[in-house]
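Here, each number is a calculation from the coordinates, and none is a lab measurement. On a predicted model such as this, the values are computed, not experimentally measured, just so you know. When we count neighbours, we look across all protein chains shown, and the Cβ atoms used for this are built from the backbone with ideal geometry, even at glycine.
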Amino acid sequence: MSWRVVVISGIAKLELRLGYLVVRQETTTRIHLSEIYALMVESTAVSLTAALLSALVQNKVKVIFCDERRNPVSELMPCYGCHDTSLKIGQQVKWDEARKVEVWTAIVANKIKQQQRVLLALGQGEAAGMLEEYIAQLLPGDTTNREGHAAKVYFNAAFGGAFARGKEGPINAALNYGYSVLLSAFNREIVGAGYLTQLGLWHANRFNLFNLSSDLMEPYRPLVDIAALRLNPESFGSAEKRVMANVLNGGIVMDGKNYHVIYAISQYVRSVLNVLNEEAEIAGLKFYEHGKLEMDAFLEPS
């Protein structure tokens, strides 16, 4: 399985040579395509060959392009994720509405649970107790918006009472960047499995191309939050972006075993799709857990 997240900065020429990504800068670097999970082109001073782009798509490498400020602005998406994409899309449009509600409710519950674990690790016991109450109050489809109430308590407790997600600043810049990288990882898995990212469970914004990815990524957002908390940037530049992009290479515990985050995402996405296709029961959803609650346990070095 691919595992490398490759970030290209500065002036560079990227090309394909005998199955390798060749990066020509002051020195030349070669990386086999089979090892690459995602390629982030961070600089607008990078040129790529069409042959390389085609090979990257065929090898299911997620390619993310950044703007002149080095912020993610677009990504390369294949037209077809697998050989039976038409069959998978046919299944997707027929997903049972009650099953979709059931899956979304489980996702919300797990997201709040992961937020609670972060607060416990930070010593915010009172706020963590409030999130426990929100989980207990959760109704099918989260019709009372326990997710929104939990988010307000969570962000205030984790980042401080003066923090607001809409404000400009290095912390929000780190969060936005990390969430973008995380979203791209989910896009890769969903498209690679043959499904459409546009058709979500709860997210249904007509202008959002990634409604399903936005749904499924929710429990993984706290991993980005932890990375931002540990980084605690005073500014947000190239070095900080590399740290946030490295979230995908972090360690995670799932089914009692240690995995890279990118592997856990792959297993989780496929478990959700199996449940939605009624090939597994709701108990088959593969959510991650943490081995311990200390901060360093959330993102072990790769």
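At a glance:
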| read-out | value |
| --- | --- |
| Ranked packing of 43-53, 235-245, most packed first, by mean Cβ within 10 Å | 235-245, 43-53 |
| Cβ-defined net charge surrounding GLN115, 9 Å radius [Lys, Arg +1; Asp, Glu -1] | +3 |
| Kyte-Doolittle mean at least -1.0 and Cα axial length at least 24 Å: DSSP H helices in the chain | 97-121, 170-192 |
| Among 216-228, 254-266, the order from most to least packed when residues are scored by Cβ within 10 Å on average | 216-228, 254-266 |
| The range 137-288: radius of gyration over Cα atoms, expressed as a fraction of 2.2 N^0.38 Å | 1.09 |
| 18 Å Cα-Cα reach of LYS13 towards aspartates and glutamates, excluding residues that sit fewer than 8 places from it in its own chain | GLU26, GLU42, ASP67, GLU68 |
| For the chain, calculated [θ]222 nm from helices alone, where every DSSP H run of n ≥ 4 adds -39500 (n - 2.57) | -14000 deg cm²/dmol |
| Over 25 Å between alpha carbons, listed pairs LYS60/LYS88; LYS113/LYS152; LYS62/LYS167; LYS152/LYS257 | LYS62/LYS167; LYS152/LYS257 |
| Length-normalised contact order of the chain in % [C-alpha pairs under 8 Å, at least 6 apart] | 16 |
| Set of aspartates and glutamates near LYS100 by C-alpha distance (under 18 Å), chain-local residues within fewer than 8 positions excluded | ASP142, GLU147, ASP215, GLU218, GLU278, GLU279, GLU281 |
| Cleavage-rule hits (GluC sites (Glu not before Pro)) in the range 135-234: DSSP loop, at most 13 neighbouring Cβ within 10 angstrom | GLU168, GLU234 |
| Options (i) 138; (ii) 115; (iii) 146 - which one matches volume of the Cα convex hull per residue in Å³ as calculated here | (i) |
